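Engineer: I have a structure I would like to understand better, so I am pasting it below and will then ask my questions one at a time.
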Amino acid sequence: MTDKTEDKKSVVEAVRHQIKILNGIVLLVVYALFLLIVRFLYMFLDYISTPSLVTILSIVAGLVVMGMYVANSASKKAINTIEKYTKRLNTLMTTTGDIREIVYGDILLENIMQSALQITGADAGSIMLVEGDRLVFKIANGSRSANLPGLSIPKSAGIAGWAAENSSNVRIDDARNDSRFDPEVDKITGYETKSLLCVPLKIKAGTIGVLELINKEDGAFTQEDEELL
């Protein structure tokens, strides 16, 4: 859809350019005709009375001005119409781009989640993104994770919050004995967190979220798991 919209935008720009060129050509033609008429009148100047000459020149000048006005008005009207159409296309392109970012953003997060689960052998996991002073669950995988997407927690809450605020990895074998652990999410899901690995999601501007993996199936998370993520 975006490719088609971009093609239409290119056509609009091309038409606008052609109208401007056509407008210039019309003005040149009108000006050339005016000069030819003046030259023609000059050749017969001796045979035309002064009042008649003034009248003819006035009529010619009026016609030239009227022609230029009509051509200019028509061109401006066409250009204004195209500009309105272009603005509508730009709005459509922006909206389409936003939709594509949302759709492909979710797909990307889901792919990251699935890859992390496979690489580490974790039983469950989630991706939380920073929104203001909250961490919002965007993706959640696991036997009891259905209610997590859309749920938010304070950015400073729990081990995930600590990882986000400090932009640091956290790898724990016994999460419940860690002072940073917050049991609220476990209470909501009925899932028991044991081992845990949190990795902050970073861009140049800073940390935008956290990847959290829970309960490695064959023991505790390793240094290798952490380095791979």
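The values are calculated or read from the model by the stated rules, or taken from the named source; none is laboratory data. Being a predicted model, the structure only gives us computed values, none of them experimental. Because the Cβ atoms are built from the backbone with ideal geometry, glycine has one as well, and the counts that use them run over all protein chains shown.
Engineer: Which of (1) buried (at least 20 other Cβ atoms within 10 Å of the Cβ); (2) over 15 Å from Asn215 (Cβ atoms) is the odd one out, the single condition Ala116 does not satisfy?
Structural biologist: (2)
Engineer: A further question follows. In the set Ser126, Ser143, Ser152, Ser179, which member is more than 17 Å from Glu110 (Cα to Cα) and touching a residue at least 12 places away in the same chain (Cβ under 8 Å)?
Structural biologist: Criteria check complete, one pass: Ser152.
Engineer: Another question, then. Arg144 - would you say it is of a type in the set (Lys, Arg) and surrounded by 13 or more Cβ atoms within 10 Å (Cβ to Cβ)?
Structural biologist: Here the answer is yes, as Arg144 does meet what is asked.
Conditions tested, residue by residue: (1) surrounded by fewer than 12 Cβ atoms within 10 Å (Cβ to Cβ); (2) modelled with pLDDT under 85.
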{"site": "Thr86", "(1), (2)": "no, yes"}
{"site": "Leu92", "(1), (2)": "no, yes"}
{"site": "Glu101", "(1), (2)": "yes, yes"}
{"site": "Gly150", "(1), (2)": "yes, no"}
{"site": "Gly158", "(1), (2)": "no, no"}
{"site": "Asn166", "(1), (2)": "yes, no"}
{"site": "Asn169", "(1), (2)": "no, no"}
{"site": "Ile172", "(1), (2)": "no, no"}
